[in-house]
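Enquirer: One structure is given below, represented as structure tokens, and several questions about it will come after.
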Amino acid sequence: MEWIRKLRNSPAAALIFASTLVAVMGVSLISPVLPAVQEAWNISEAQASLLLSAFTLPGIFLTLPIGLLTDRIGRKPILIPALVVFGLSGGGIIFISDFTLILVLRAIQGAASSAIAMLTVTLLGDLYSGEQRRVLIGTNAAILAVGAAGYPLLGGALATVAWSAPFACFLLALLVAVPGITLLEEPQRDENNTNSSIRAFLTGPTSMTPFVVLYLAIFGIFVILYGAQLTAVPFLLANEYQLSSAGIGLLVGLPAISMGATAMQGDRVLRSLTSFQSIALGFVSYGIGLVIVAVADSIYVVAGALLLFGLGQGLAEPITDTALNERAPDEFRGSIMSIRTSVLRLGTTVGPPLSVGAAALFGYRQTLLVSGAAAFLIGVTWFTVRRQ
């Protein structure tokens, strides 16, 4: 196909995909390391979990200012330094002997990760258009899914050597930054619009309703992903099925398979459905998958339900990125996508405690059942509205 030939001849696309693989390391590589960190530092589970919270929190507040800055000075002057900071702050942890300083470095790394995650999707919108843009955004989501599924296995294996060993992997970001200096294209900008005000866009004739709906969808997607799939489901598998950490890791990674396969077909999906309808079907699939997990009494049924959950993820997550990119004016794309990343980070931060809190009152099966029913109703209602 033509787009494959263009991709092979586009070092920029390859660099963007490599940056995505770097950014997704931050949480998925470290999650299975938390027990080893707890033991090595003789701290509580809550203290060890701060390695994740310290990483995700800065993105909620800093991504929007970074996005505004990228609209002013360009993408490349932010992405390359962000990769360097990500690598050095993450890799530097292996030399630190103070846990508080480790948390500071994780916070710095998290801010850099937010910039990288925002800019990869923004650059795909800047450098490509039409069918090629949709395909590449879907491919980017599939690559993200592969990393999210594979990094926990890598992090867990390295943690058996030493708790700090997984952090050395972050230095790979430097191997992406160095060639990026020469290979990454800086998108052309209309100098007449460089000084345009985001306030003028927000108060102008363009309807903000689609953007608000998409941001709400992104928030819901990541609350469900991090709260239900990545928090409630593992505890359910441990408590109800007595699975080991390795078994839980394999099952939790299953949705990435169906997500990646579905995300790669995003352009075909959008030939038959609007972006909003595709996202709505994603929520329907979330709902059915979670409800089945909640009522299942067989691990094989749970596995099939998680694959269905991943199908929903493939229908919803990359399509929101495509829809935002296609609606965003070029001069404000960085700002608009930075809001997306801030909302995403908020969802990833809120989801786990919300899920655990509900489970403490009602149990994990009931929490998943209610979450699935709510997602299903939202999806069905949204789909019938048939937003354009």
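The values are calculated or read from the model by the stated rules, or taken from the named source; none is laboratory data. Nothing here was measured: the structure is a model prediction, and the numbers come from that model. Here the Cβ is made from the backbone with ideal geometry for all residues, glycine too, and neighbour counts use every protein chain on show. Remember, those area values only see protein heavy atoms, side chains included, never the ligands or the DNA or RNA. Shrake-Rupley method; radii C 1.70, N 1.55, O 1.52, S 1.80 Å.
Enquirer: What are the principal axis extents of the Cα atoms in the range 1-138, in Å, biggest first?
Expert: In descending order, the Cα extents are 55, 33, 23 Å.
Enquirer: Ignoring ligands, DNA and RNA, please state the percent of accessible area on the chain from carbon and sulfur, probe 1.4 Å.
Expert: Answer for the chain: carbon and sulfur cover 67 percent of the accessible area.
Enquirer: Right, something else. Can you tell me which of LEU225, LEU311, LEU377 moves the most in a GNM of the chain? Springs connect C-alpha atoms under 10 Å apart.
Expert: In the Gaussian network model the winner is LEU377.
Enquirer: What does the highest-first list of 129-137, 350-358 look like by mean Cβ count within 10 Å?
Expert: The most tightly packed comes first, giving 129-137, 350-358.
Enquirer: Sort ILE78, ILE108 by heavy-atom solvent-accessible area, probe 1.4 angstrom, most to least.
Expert: From most exposed to least exposed: ILE108, ILE78.
Enquirer: For the range 241-311, what log10 I(q)/I(0) values come out of the Debye formula at q = 0.28 1/Å, with one point per alpha carbon and no solvent?
Expert: For the range 241-311 at q = 0.28 Å⁻¹, log10 I(q)/I(0) is -1.23.
Enquirer: Pick from PHE362, PHE376, PHE219: which is most flexible by mean-square fluctuation in a GNM of the chain where alpha carbon atoms under 10 Å apart are linked?
Expert: Most flexible of the set in this elastic network: PHE362.
Enquirer: In addition: Give or take rounding to whole Å, what are the principal axis extents of the alpha carbon atoms in the chain, in descending order?
Expert: 61, 54, 41
Enquirer: From the helices alone, meaning DSSP H stretches of at least four residues, give me the mean residue ellipticity at 222 nm for the chain, per-run term -39500 (n - 2.57), in deg cm²/dmol to the nearest 500. Write out the running numbers ahead of the final one.
Expert: Numbers: 18 runs with 305 residues, N = 388.
Using -39500 (n - 2.57) per qualifying helix, the result is -26500 deg cm²/dmol.
Enquirer: Please give the per residue accessible area of the range 230-298, computed with a probe of 1.4 Å over protein heavy atoms only, in Å². Working shown, then result.
Expert: Values: 2790 Å² over 69 residues.
Ligands and nucleic acids excluded, the figure is 40 Å² per residue.
Enquirer: Restricting to Cα atoms and excluding each atom paired with itself, what does the Kirkwood estimate give for the range 272-322 in Å? Don't skip to the end; give the middle numbers.
Expert: Working: mean 1/r = 0.0905 Å⁻¹.
Result for the range 272-322, one decimal place: 11.0 Å.
Enquirer: Per residue, how big is the convex hull around the C-alpha atoms of the range 272-358? Give it to me in cubic angstrom, could you?
Expert: Cα-based convex hull of the range 272-358, divided per residue, equals 98 Å³.
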